[in-house]
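Visitor: I'd like to ask you about the structure that follows.
The values are calculated or read from the model by the stated rules, or taken from the named source; none is laboratory data. Predicted, not measured: the structure shown is a model, and the values here were computed from it. Please note: Cβ atoms are built from the backbone with ideal geometry, for glycine as well, and neighbour counts cover all protein chains shown. Note: accessible area is taken over every heavy atom of the protein model, side chains too, but ligands, DNA and RNA are not part of it. Shrake-Rupley method; radii C 1.70, N 1.55, O 1.52, S 1.80 Å.
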Amino acid sequence: MTEELLHTARSAAANSQALNDPDFPLFHLAPPVGRLNDPNGLIEVEGTYHAFFQYTPTHPQKLVFWGHATSTDLTSWEHHDPAIAPDSRFDMHGAYSGTAIATPQGVELWYTGNYKDPDTGQREATQCLVTTPDLTHFTKEATPVIPAPPEGYTAHFRDPQVWQDHDSSYRMLIGAQRADGTGAAVLYRSLDLRQWELEGEISFPHAGGAFDSFGYMWECPNLVKLVDQETGALRDVLLFCPQGIRPQAPGFENVFACVYLVGELVGTQFVGCDGTFTELDRGFEFYAPQVFARSLSQLPTGDSPAPAVLLGWAGNAGEDDQPSIASGGWVHCMTSPRELVLRGGRLYQRPFLPGLPLRAADWGGTTLQPGAPFSVPELAGSRSWRLRLEVGASAPWRIHLGGEQGVSLRFDGATLVADRSSSRYPAGSPRTVELAAAPHAVEVIHDRSITEVFVDDGRTVFTLRSFLDATPGVRVDCEGDLALRAAQVARAD
Ligand code: FRU
(Lines give C-alpha, C1' and ligand atoms only; values in the text may rest on other atoms or scores of the structure.)
Protein backbone atom coordinates (compact mmCIF):
# COMPACT_ATOMS: atom_id res chain seq x y z
CA MET A 1 0.00 0.00 0.00
CA THR A 2 2.68 2.47 1.05
CA GLU A 3 4.92 1.51 -1.88
CA GLU A 4 2.00 1.78 -4.27
CA LEU A 5 1.11 5.23 -3.05
CA LEU A 6 4.72 6.37 -3.14
CA HIS A 7 4.97 5.02 -6.66
CA THR A 8 1.88 7.04 -7.63
CA ALA A 9 3.43 10.19 -6.17
CA ARG A 10 6.84 9.55 -7.73
CA SER A 11 5.52 8.86 -11.20
CA ALA A 12 3.24 11.92 -11.11
CA ALA A 13 6.31 14.01 -10.22
CA ALA A 14 8.47 12.29 -12.85
CA ASN A 15 5.96 13.24 -15.57
CA SER A 16 5.50 16.77 -14.29
CA GLN A 17 5.59 19.75 -16.63
CA ALA A 18 5.75 22.19 -13.72
CA LEU A 19 9.43 23.09 -14.09
CA ASN A 20 8.89 24.03 -17.74
CA ASP A 21 6.09 26.39 -16.84
CA PRO A 22 7.21 30.04 -17.03
CA ASP A 23 4.87 30.74 -14.10
CA PHE A 24 6.56 28.21 -11.78
CA PRO A 25 8.30 30.15 -8.97
CA LEU A 26 12.09 30.09 -8.80
CA PHE A 27 12.63 30.68 -5.10
CA HIS A 28 9.23 30.09 -3.51
CA LEU A 29 8.33 26.57 -2.45
CA ALA A 30 5.85 25.12 -4.94
CA PRO A 31 4.64 21.54 -5.58
CA PRO A 32 6.67 19.33 -7.94
CA VAL A 33 3.31 18.38 -9.45
CA GLY A 34 -0.36 18.74 -8.48
CA ARG A 35 -1.61 20.72 -5.54
CA LEU A 36 0.04 22.16 -2.43
CA ASN A 37 -1.72 23.67 0.54
CA ASP A 38 -0.71 24.24 4.17
CA PRO A 39 2.90 24.26 5.36
CA ASN A 40 3.39 21.40 7.85
CA GLY A 41 6.09 20.22 10.26
CA LEU A 42 8.35 23.21 9.69
CA ILE A 43 11.63 22.62 11.49
CA GLU A 44 15.26 23.63 11.19
CA VAL A 45 17.82 20.93 12.01
CA GLU A 46 21.55 21.64 11.89
CA GLY A 47 21.22 24.47 9.42
CA THR A 48 18.77 22.73 7.11
CA TYR A 49 15.21 23.97 6.93
CA HIS A 50 12.69 21.17 6.45
CA ALA A 51 9.32 22.18 5.05
CA PHE A 52 6.64 19.53 4.85
CA PHE A 53 3.39 20.47 3.22
CA GLN A 54 -0.08 19.29 2.28
CA TYR A 55 0.56 17.66 -1.08
CA THR A 56 -1.83 16.16 -3.61
CA PRO A 57 0.33 14.92 -6.50
CA THR A 58 -2.70 13.41 -8.24
CA HIS A 59 -4.82 16.57 -8.11
CA PRO A 60 -7.76 16.82 -8.80
CA GLN A 61 -7.99 13.28 -7.43
CA LYS A 62 -7.81 13.76 -3.64
CA LEU A 63 -4.93 11.86 -2.10
CA VAL A 64 -3.27 14.03 0.49
CA PHE A 65 0.34 13.28 1.46
CA TRP A 66 2.88 15.25 3.43
CA GLY A 67 5.33 16.49 0.79
CA HIS A 68 8.88 17.22 1.93
CA ALA A 69 11.40 19.80 0.75
CA THR A 70 14.62 21.14 2.24
CA SER A 71 16.66 24.29 1.91
CA THR A 72 19.73 25.78 3.54
CA ASP A 73 19.25 29.32 2.21
CA LEU A 74 15.43 29.44 2.05
CA THR A 75 15.56 30.31 -1.64
CA SER A 76 16.54 27.05 -3.32
CA TRP A 77 14.37 24.10 -2.39
CA GLU A 78 15.16 20.44 -2.95
CA HIS A 79 12.21 18.07 -3.08
CA HIS A 80 12.26 14.62 -1.50
CA ASP A 81 9.87 11.69 -1.41
CA PRO A 82 6.68 12.41 0.52
CA ALA A 83 7.22 11.81 4.24
CA ILE A 84 3.69 10.66 5.06
CA ALA A 85 1.44 8.72 2.72
CA PRO A 86 -2.31 8.32 3.34
CA ASP A 87 -1.86 4.57 3.60
CA SER A 88 -3.76 3.52 6.73
CA ARG A 89 -7.37 3.24 7.78
CA PHE A 90 -7.17 6.41 9.87
CA ASP A 91 -5.51 8.76 7.34
CA MET A 92 -6.70 7.30 4.03
CA HIS A 93 -8.71 10.43 3.25
CA GLY A 94 -5.82 12.71 4.00
CA ALA A 95 -2.70 12.98 6.14
CA TYR A 96 -3.83 16.40 7.29
CA SER A 97 -1.87 19.27 8.74
CA GLY A 98 0.38 19.31 11.78
CA THR A 99 3.78 20.22 13.19
CA ALA A 100 7.22 18.86 14.03
CA ILE A 101 9.10 18.66 17.32
CA ALA A 102 12.76 17.77 17.85
CA THR A 103 13.43 15.09 20.49
CA PRO A 104 16.68 13.39 21.56
CA GLN A 105 15.74 10.47 19.29
CA GLY A 106 15.11 12.56 16.22
CA VAL A 107 12.06 14.41 14.97
CA GLU A 108 8.40 13.66 15.50
CA LEU A 109 5.76 14.69 12.99
CA TRP A 110 2.32 15.16 14.51
CA TYR A 111 -0.63 15.31 12.16
CA THR A 112 -4.33 14.64 11.80
CA GLY A 113 -5.63 11.48 10.22
CA ASN A 114 -8.71 12.19 8.17
CA TYR A 115 -11.21 9.41 7.50
CA LYS A 116 -14.62 9.72 5.90
CA ASP A 117 -17.05 6.82 5.98
CA PRO A 118 -17.79 6.05 2.32
CA ASP A 119 -21.47 5.32 3.04
CA THR A 120 -22.44 7.91 5.61
CA GLY A 121 -19.83 10.61 4.88
CA GLN A 122 -19.20 10.65 8.64
CA ARG A 123 -15.76 12.06 9.43
CA GLU A 124 -13.25 10.67 11.95
CA ALA A 125 -10.35 12.80 13.13
CA THR A 126 -7.39 11.26 14.93
CA GLN A 127 -4.08 12.76 16.04
CA CYS A 128 -1.29 10.67 14.62
CA LEU A 129 2.46 10.33 14.81
CA VAL A 130 5.34 9.66 12.45
CA THR A 131 8.86 9.45 13.87
CA THR A 132 12.15 9.88 12.05
CA PRO A 133 15.71 9.50 13.34
CA ASP A 134 17.28 11.28 10.36
CA LEU A 135 14.54 13.11 8.40
CA THR A 136 15.04 10.56 5.63
CA HIS A 137 13.36 7.46 7.03
CA PHE A 138 9.86 7.94 8.38
CA THR A 139 7.93 5.46 10.51
CA LYS A 140 4.23 5.76 11.15
CA GLU A 141 2.85 4.63 14.52
CA ALA A 142 0.39 1.80 13.93
CA THR A 143 -2.46 3.50 15.75
CA PRO A 144 -3.37 7.11 16.42
CA VAL A 145 -2.11 8.59 19.66
CA ILE A 146 -5.32 10.54 20.28
CA PRO A 147 -8.01 8.29 18.86
CA ALA A 148 -10.99 10.67 18.92
CA PRO A 149 -12.02 14.21 19.83
CA PRO A 150 -13.08 14.65 23.45
CA GLU A 151 -16.68 14.95 24.56
CA GLY A 152 -18.23 18.21 23.42
CA TYR A 153 -16.43 18.53 20.07
CA THR A 154 -17.22 17.42 16.53
CA ALA A 155 -14.87 15.58 14.17
CA HIS A 156 -13.60 18.96 12.95
CA PHE A 157 -10.69 18.48 15.31
CA ARG A 158 -7.33 18.83 13.62
CA ASP A 159 -3.93 20.44 12.95
CA PRO A 160 -1.97 19.65 16.15
CA GLN A 161 0.93 21.84 17.23
CA VAL A 162 3.26 20.09 19.70
CA TRP A 163 5.94 21.86 21.71
CA GLN A 164 7.83 21.64 25.00
CA ASP A 165 6.86 23.99 27.80
CA HIS A 166 9.23 25.59 30.28
CA ASP A 167 8.28 23.09 33.00
CA SER A 168 9.57 20.55 30.43
CA SER A 169 6.19 18.91 29.89
CA TYR A 170 4.80 18.80 26.38
CA ARG A 171 1.70 20.51 25.09
CA MET A 172 -0.52 19.98 22.10
CA LEU A 173 -2.81 22.62 20.65
CA ILE A 174 -5.59 21.49 18.31
CA GLY A 175 -8.07 23.41 16.17
CA ALA A 176 -11.62 22.44 17.02
CA GLN A 177 -15.34 22.84 16.54
CA ARG A 178 -17.59 22.61 19.56
CA ALA A 179 -20.70 20.44 19.45
CA ASP A 180 -22.72 23.68 19.21
CA GLY A 181 -20.97 24.50 15.93
CA THR A 182 -18.60 27.24 17.14
CA GLY A 183 -14.81 27.27 16.78
CA ALA A 184 -12.22 26.82 19.54
CA ALA A 185 -8.69 25.63 20.28
CA VAL A 186 -8.03 22.78 22.70
CA LEU A 187 -4.93 21.98 24.77
CA TYR A 188 -3.51 18.65 25.90
CA ARG A 189 -0.51 18.00 28.13
CA SER A 190 1.95 15.11 28.27
CA LEU A 191 5.09 14.15 30.16
CA ASP A 192 6.35 11.68 27.56
CA LEU A 193 4.75 12.68 24.23
CA ARG A 194 2.70 9.46 24.27
CA GLN A 195 0.15 9.72 27.08
CA TRP A 196 -1.87 12.88 26.60
CA GLU A 197 -4.27 14.43 29.05
CA LEU A 198 -6.95 16.87 28.00
CA GLU A 199 -6.35 20.24 29.68
CA GLY A 200 -9.28 22.06 28.13
CA GLU A 201 -10.05 24.86 25.76
CA ILE A 202 -8.04 28.02 25.52
CA SER A 203 -10.12 30.70 27.20
CA PHE A 204 -9.78 34.46 26.92
CA PRO A 205 -10.62 35.97 30.34
CA HIS A 206 -9.94 39.58 29.31
CA ALA A 207 -11.50 39.53 25.85
CA GLY A 208 -15.07 40.36 26.86
CA GLY A 209 -16.46 37.31 25.09
CA ALA A 210 -14.98 38.32 21.71
CA PHE A 211 -13.90 34.76 20.90
CA ASP A 212 -16.73 32.80 22.51
CA SER A 213 -18.58 32.45 19.24
CA PHE A 214 -15.97 33.35 16.67
CA GLY A 215 -16.65 31.38 13.49
CA TYR A 216 -17.55 27.72 13.13
CA MET A 217 -14.08 26.11 13.17
CA TRP A 218 -10.54 27.22 14.02
CA GLU A 219 -8.00 25.73 11.65
CA CYS A 220 -4.22 25.56 12.06
CA PRO A 221 -3.68 27.19 15.48
CA ASN A 222 -0.03 28.08 16.00
CA LEU A 223 1.44 29.58 19.14
CA VAL A 224 4.72 31.49 19.02
CA LYS A 225 6.73 33.18 21.77
CA LEU A 226 8.17 36.61 20.99
CA VAL A 227 9.70 39.44 22.98
CA ASP A 228 7.87 42.69 22.32
CA GLN A 229 10.68 44.94 21.15
CA GLU A 230 8.96 48.04 22.49
CA THR A 231 8.27 46.82 26.02
CA GLY A 232 10.78 43.99 26.44
CA ALA A 233 7.95 41.73 27.62
CA LEU A 234 7.82 38.09 26.57
CA ARG A 235 4.49 37.49 24.86
CA ASP A 236 2.57 34.63 23.31
CA VAL A 237 1.16 35.24 19.87
CA LEU A 238 -1.66 32.95 18.80
CA LEU A 239 -2.13 32.60 15.06
CA PHE A 240 -5.22 30.77 13.80
CA CYS A 241 -7.68 30.58 10.94
CA PRO A 242 -11.26 31.02 12.16
CA GLN A 243 -13.68 29.88 9.46
CA GLY A 244 -16.91 31.78 9.04
CA ILE A 245 -16.21 35.10 10.79
CA ARG A 246 -17.69 38.30 9.37
CA PRO A 247 -16.21 41.12 11.45
CA GLN A 248 -17.43 44.69 11.02
CA ALA A 249 -13.92 45.85 10.25
CA PRO A 250 -11.90 46.62 7.14
CA GLY A 251 -10.36 43.54 5.56
CA PHE A 252 -11.55 39.94 5.87
CA GLU A 253 -12.44 39.81 2.19
CA ASN A 254 -11.09 36.29 1.60
CA VAL A 255 -13.14 33.14 1.97
CA PHE A 256 -11.42 32.44 5.31
CA ALA A 257 -9.17 34.72 7.31
CA CYS A 258 -6.01 34.20 9.31
CA VAL A 259 -5.72 36.30 12.46
CA TYR A 260 -3.40 36.73 15.41
CA LEU A 261 -3.91 37.64 19.06
CA VAL A 262 -1.27 38.81 21.52
CA GLY A 263 -1.34 37.82 25.18
CA GLU A 264 0.15 35.28 27.55
CA LEU A 265 -0.83 31.67 27.85
CA VAL A 266 -1.12 30.83 31.56
CA GLY A 267 -2.41 27.29 31.95
CA THR A 268 -5.27 27.26 29.50
CA GLN A 269 -6.01 30.98 29.87
CA PHE A 270 -4.82 33.37 27.22
CA VAL A 271 -4.56 36.42 29.47
CA GLY A 272 -4.06 40.06 28.57
CA CYS A 273 -5.79 39.92 25.23
CA ASP A 274 -8.59 42.49 25.22
CA GLY A 275 -10.44 40.98 22.28
CA THR A 276 -8.32 42.65 19.61
CA PHE A 277 -7.56 40.47 16.62
CA THR A 278 -5.63 41.42 13.50
CA GLU A 279 -5.54 39.93 10.05
CA LEU A 280 -2.02 38.66 9.41
CA ASP A 281 -1.91 39.40 5.69
CA ARG A 282 -4.29 41.58 3.70
CA GLY A 283 -3.68 39.98 0.31
CA PHE A 284 -5.88 37.97 -2.01
CA GLU A 285 -4.15 34.70 -1.13
CA PHE A 286 -2.92 33.80 2.34
CA TYR A 287 -3.84 31.02 4.77
CA ALA A 288 -2.70 28.42 7.30
CA PRO A 289 0.71 29.89 8.22
CA GLN A 290 3.10 28.11 10.54
CA VAL A 291 6.29 29.12 12.32
CA PHE A 292 9.42 26.93 12.13
CA ALA A 293 9.65 24.94 15.36
CA ARG A 294 12.14 26.26 17.90
CA SER A 295 13.52 24.30 20.82
CA LEU A 296 13.47 25.64 24.39
CA SER A 297 17.07 26.85 24.07
CA GLN A 298 16.17 28.84 20.98
CA LEU A 299 13.21 30.71 22.47
CA PRO A 300 13.45 34.45 23.14
CA THR A 301 14.39 33.87 26.78
CA GLY A 302 17.30 31.63 25.77
CA ASP A 303 20.88 32.70 25.09
CA SER A 304 20.74 32.75 21.30
CA PRO A 305 17.14 33.19 20.32
CA ALA A 306 16.47 31.85 16.87
CA PRO A 307 14.32 34.09 14.71
CA ALA A 308 10.67 33.11 14.47
CA VAL A 309 10.32 32.31 10.77
CA LEU A 310 6.87 31.94 9.29
CA LEU A 311 5.76 30.33 6.07
CA GLY A 312 2.20 30.72 4.81
CA TRP A 313 0.15 29.10 2.10
CA ALA A 314 -0.36 31.60 -0.75
CA GLY A 315 -3.75 30.15 -1.49
CA ASN A 316 -7.34 29.84 -0.34
CA ALA A 317 -9.64 26.88 0.10
CA GLY A 318 -11.69 26.19 -3.01
CA GLU A 319 -9.69 28.49 -5.32
CA ASP A 320 -7.76 25.95 -7.35
CA ASP A 321 -8.80 27.19 -10.75
CA GLN A 322 -5.58 28.99 -11.62
CA PRO A 323 -3.75 29.25 -14.97
CA SER A 324 -0.90 26.98 -13.79
CA ILE A 325 -3.17 23.92 -13.84
CA ALA A 326 -3.39 24.12 -17.63
CA SER A 327 0.14 25.36 -18.26
CA GLY A 328 2.05 23.07 -15.87
CA GLY A 329 -0.24 20.73 -13.92
CA TRP A 330 0.45 22.36 -10.56
CA VAL A 331 -1.35 24.84 -8.32
CA HIS A 332 -0.44 27.07 -5.35
CA CYS A 333 2.82 27.84 -3.62
CA MET A 334 4.12 29.08 -0.26
CA THR A 335 4.86 32.66 0.69
CA SER A 336 8.44 33.75 1.26
CA PRO A 337 9.76 32.86 4.69
CA ARG A 338 9.16 35.84 6.99
CA GLU A 339 10.78 36.74 10.26
CA LEU A 340 8.19 37.73 12.82
CA VAL A 341 8.92 40.73 15.00
CA LEU A 342 6.57 41.97 17.72
CA ARG A 343 6.58 45.69 18.36
CA GLY A 344 4.04 47.52 20.47
CA GLY A 345 1.66 44.55 20.35
CA ARG A 346 1.74 44.42 16.57
CA LEU A 347 3.34 41.79 14.38
CA TYR A 348 5.77 42.83 11.69
CA GLN A 349 6.73 40.36 8.99
CA ARG A 350 10.08 40.79 7.31
CA PRO A 351 11.22 38.78 4.30
CA PHE A 352 13.74 36.19 5.53
CA LEU A 353 15.65 35.17 2.43
CA PRO A 354 19.33 34.59 3.30
CA GLY A 355 19.88 33.30 -0.24
CA LEU A 356 18.68 36.48 -1.92
CA PRO A 357 20.18 39.49 -0.15
CA LEU A 358 19.28 43.02 -1.22
CA ARG A 359 21.98 45.33 -2.56
CA ALA A 360 21.87 49.12 -2.68
CA ALA A 361 21.03 50.58 -6.09
CA ASP A 362 22.92 53.69 -7.12
CA TRP A 363 19.77 55.52 -8.23
CA GLY A 364 18.58 55.75 -4.63
CA GLY A 365 18.57 59.43 -3.69
CA THR A 366 16.85 60.59 -6.87
CA THR A 367 13.40 62.09 -7.39
CA LEU A 368 10.96 60.78 -9.98
CA GLN A 369 8.80 63.25 -11.89
CA PRO A 370 5.21 62.69 -13.01
CA GLY A 371 4.84 61.46 -16.59
CA ALA A 372 8.27 59.79 -16.65
CA PRO A 373 7.83 56.13 -15.68
CA PHE A 374 11.01 54.61 -14.28
CA SER A 375 12.01 51.06 -15.19
CA VAL A 376 14.32 49.61 -12.56
CA PRO A 377 17.50 49.04 -14.58
CA GLU A 378 18.87 46.12 -12.53
CA LEU A 379 15.59 44.25 -13.00
CA ALA A 380 15.21 44.74 -16.75
CA GLY A 381 14.19 41.41 -18.26
CA SER A 382 13.69 39.84 -14.82
CA ARG A 383 10.63 37.92 -13.66
CA SER A 384 11.91 37.02 -10.19
CA TRP A 385 13.23 39.76 -7.98
CA ARG A 386 13.10 41.87 -4.80
CA LEU A 387 12.86 45.64 -4.72
CA ARG A 388 12.91 47.86 -1.63
CA LEU A 389 12.21 51.57 -1.84
CA GLU A 390 12.35 54.25 0.82
CA VAL A 391 10.09 56.99 -0.37
CA GLY A 392 8.58 60.41 0.22
CA ALA A 393 5.56 61.06 -1.97
CA SER A 394 3.56 64.21 -2.53
CA ALA A 395 0.90 62.47 -4.62
CA PRO A 396 -0.21 58.96 -5.58
CA TRP A 397 2.48 56.67 -6.99
CA ARG A 398 2.52 53.19 -8.40
CA ILE A 399 4.60 50.08 -8.79
CA HIS A 400 3.60 48.26 -11.95
CA LEU A 401 4.48 44.61 -12.70
CA GLY A 402 4.21 43.19 -16.22
CA GLY A 403 2.74 45.00 -19.21
CA GLU A 404 -0.91 45.50 -20.25
CA GLN A 405 -1.88 42.31 -18.45
CA GLY A 406 -0.07 43.34 -15.32
CA VAL A 407 -0.57 44.08 -11.65
CA SER A 408 -0.64 47.54 -10.21
CA LEU A 409 0.19 48.51 -6.64
CA ARG A 410 -0.95 52.07 -6.08
CA PHE A 411 -0.03 54.09 -3.01
CA ASP A 412 -2.17 57.08 -2.29
CA GLY A 413 -1.49 58.66 1.08
CA ALA A 414 -2.35 56.06 3.68
CA THR A 415 -3.86 53.52 1.30
CA LEU A 416 -2.61 50.74 -0.93
CA VAL A 417 -4.76 49.60 -3.84
CA ALA A 418 -3.75 46.29 -5.39
CA ASP A 419 -5.28 45.68 -8.79
CA ARG A 420 -4.78 42.48 -10.78
CA SER A 421 -8.03 42.77 -12.73
CA SER A 422 -6.26 42.87 -16.08
CA SER A 423 -3.84 40.02 -15.29
CA ARG A 424 -4.24 36.40 -16.40
CA TYR A 425 -5.68 35.57 -12.98
CA PRO A 426 -8.01 38.49 -12.32
CA ALA A 427 -9.82 36.93 -9.32
CA GLY A 428 -11.21 39.56 -6.94
CA SER A 429 -11.87 43.22 -7.55
CA PRO A 430 -9.14 45.80 -6.80
CA ARG A 431 -8.51 45.75 -3.07
CA THR A 432 -7.95 48.83 -0.93
CA VAL A 433 -5.93 48.49 2.26
CA GLU A 434 -5.82 51.21 4.88
CA LEU A 435 -2.27 51.80 6.11
CA ALA A 436 -1.25 53.47 9.36
CA ALA A 437 0.22 56.42 7.40
CA ALA A 438 1.68 57.20 4.00
CA PRO A 439 4.37 54.52 3.70
CA HIS A 440 8.03 55.38 4.16
CA ALA A 441 9.31 52.03 2.91
CA VAL A 442 7.88 49.43 0.55
CA GLU A 443 9.41 46.11 -0.38
CA VAL A 444 8.00 44.04 -3.22
CA ILE A 445 9.01 40.45 -3.84
CA HIS A 446 7.99 39.02 -7.17
CA ASP A 447 8.69 35.50 -8.35
CA ARG A 448 7.14 34.48 -11.67
CA SER A 449 3.50 34.28 -10.47
CA ILE A 450 3.57 35.31 -6.82
CA THR A 451 3.96 38.81 -5.44
CA GLU A 452 4.34 39.93 -1.84
CA VAL A 453 4.21 43.52 -0.70
CA PHE A 454 5.75 44.51 2.65
CA VAL A 455 4.82 48.02 3.75
CA ASP A 456 6.81 49.83 6.43
CA ASP A 457 9.01 46.97 7.59
CA GLY A 458 6.22 44.45 7.26
CA ARG A 459 3.65 46.27 9.41
CA THR A 460 1.20 45.56 6.59
CA VAL A 461 1.72 42.65 4.23
CA PHE A 462 -0.17 41.80 1.05
CA THR A 463 0.27 38.47 -0.74
CA LEU A 464 -1.18 37.76 -4.15
CA ARG A 465 -0.81 35.37 -7.05
CA SER A 466 0.15 37.43 -10.07
CA PHE A 467 -0.06 35.74 -13.45
CA LEU A 468 1.28 38.46 -15.72
CA ASP A 469 1.87 38.76 -19.44
CA ALA A 470 5.36 38.16 -20.78
CA THR A 471 6.61 41.72 -20.18
CA PRO A 472 9.34 41.37 -17.54
CA GLY A 473 10.78 43.94 -15.18
CA VAL A 474 9.14 46.52 -12.96
CA ARG A 475 8.16 50.16 -13.41
CA VAL A 476 7.54 52.92 -10.92
CA ASP A 477 5.51 55.99 -11.84
CA CYS A 478 4.01 58.89 -9.95
CA GLU A 479 1.40 61.64 -10.19
CA GLY A 480 3.53 64.14 -8.27
CA ASP A 481 7.19 64.18 -7.24
CA LEU A 482 8.34 60.92 -5.71
CA ALA A 483 11.52 61.11 -3.66
CA LEU A 484 13.37 57.80 -3.78
CA ARG A 485 15.47 58.22 -0.66
CA ALA A 486 17.07 54.80 -0.97
CA ALA A 487 16.63 51.77 -3.19
CA GLN A 488 17.76 48.17 -2.92
CA VAL A 489 17.36 45.36 -5.38
CA ALA A 490 18.04 41.65 -5.79
CA ARG A 491 17.50 39.57 -8.87
CA ALA A 492 16.86 35.84 -8.85
CA ASP A 493 16.88 35.02 -12.57
C1 FRU B 1 -6.37 24.25 6.15
C2 FRU B 1 -6.80 22.79 6.19
C3 FRU B 1 -6.47 22.14 7.52
C4 FRU B 1 -6.40 20.69 7.16
C5 FRU B 1 -5.77 20.74 5.78
C6 FRU B 1 -6.26 19.70 4.83
O7 FRU B 1 -6.15 24.71 4.85
O8 FRU B 1 -8.18 22.67 5.89
O9 FRU B 1 -7.40 22.41 8.55
O10 FRU B 1 -5.63 19.97 8.05
O11 FRU B 1 -6.07 22.02 5.25
O12 FRU B 1 -5.55 19.74 3.63
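Visitor: Tally Lys/Arg at +1 and Asp/Glu at -1 over every other residue whose Cβ is under 13 Å from the Cβ of Asp469; what's the total?
Guide: +2
Visitor: Which ³J(HN,Hα) values, rounded to whole Hz and listed in residue order, are derived for segment 475-490 from phi using the Karplus coefficients 6.51, -1.76 and 1.60 in 6.51 cos²θ - 1.76 cosθ + 1.60 with θ = phi - 60°, glycine and proline given as x?
Guide: Result, ordered by residue: 10, 10, 9, 8, 9, x, 4, 10, 7, 9, 6, 7, 9, 9, 9, 8 Hz.
Visitor: Determine the sum of side-chain charges near Gly365: Lys and Arg each +1, Asp and Glu each -1, restricted to other residues whose C-beta is under 11 angstrom from that of Gly365.
Guide: With Lys, Arg at +1 and Asp, Glu at -1, the net is -1.
Visitor: How much net charge surrounds Ala437 when only other residues with a Cβ under 12 Å from its Cβ are counted (Lys, Arg +1; Asp, Glu -1)?
Guide: Computed value for this residue: -1.
Visitor: Please report, as a whole percent, how much of the solvent-accessible surface of segment 315-391 comes from carbon and sulfur atoms (probe radius 1.4 Å).
Guide: Reported share for carbon and sulfur atoms: 49 percent.
Visitor: Would you kindly compute the Cα radius of gyration of segment 307-431 and its largest Cα-Cα separation (Dmax), both in Å?
Guide: Gyration radius and largest Cα-Cα distance of segment 307-431: 17.0, 45 Å.
Visitor: Right, something else. Between segment 48-83 and segment 369-426, what is the C-alpha centre distance in whole Å?
Guide: 32
Visitor: Another question, then. How big is the chain in terms of Cα radius of gyration and Dmax, in angstroms?
Guide: Spelled out, the Cα radius of gyration and Dmax of the chain are 22.2, 68 Å.
Visitor: Let me ask something else. Skipping prolines and chain starts, which residues have an amide H placed within reach, meaning under 5 Å, of the one on His156, given they are 5 or more residues away or on another chain?
Guide: Gln177
Visitor: Nearest 500 deg cm²/dmol is fine: what mean residue ellipticity at 222 nm does the chain get from its DSSP H runs of n ≥ 4 alone, each adding -39,500 (n - 2.57), divided by its residue count?
Guide: -1000 deg cm²/dmol
Visitor: Just to confirm the number: angle between the C-alpha axis of helix 2-14 and the first principal axis of the chain, 0 to 90 degrees, nearest 10?
Guide: The angle comes out at about 10 degrees.
Visitor: Charges only on Cβ, +1 for Lys and Arg, -1 for Asp and Glu: so what's the dipole of the chain about the Cα centre, in debye to the nearest 20?
Guide: The dipole magnitude comes to about 640 debye.
Visitor: Give me the one-decimal Kirkwood hydrodynamic radius in Å for segment 253-372, with the sum taken over alpha-carbon pairs.
Guide: Kirkwood hydrodynamic radius for segment 253-372: 17.9 Å.
Visitor: Using the Karplus curve 6.51 cos²θ - 1.76 cosθ + 1.60 with θ = phi - 60°, what ³J(HN,Hα) values do you get for each residue of segment 411-426, in whole Hz, with x for Gly and Pro?
Guide: Each residue's phi maps through the Karplus curve to give 10, 9, x, 9, 9, 10, 10, 9, 10, 10, 5, 9, 7, 6, 10, x Hz.
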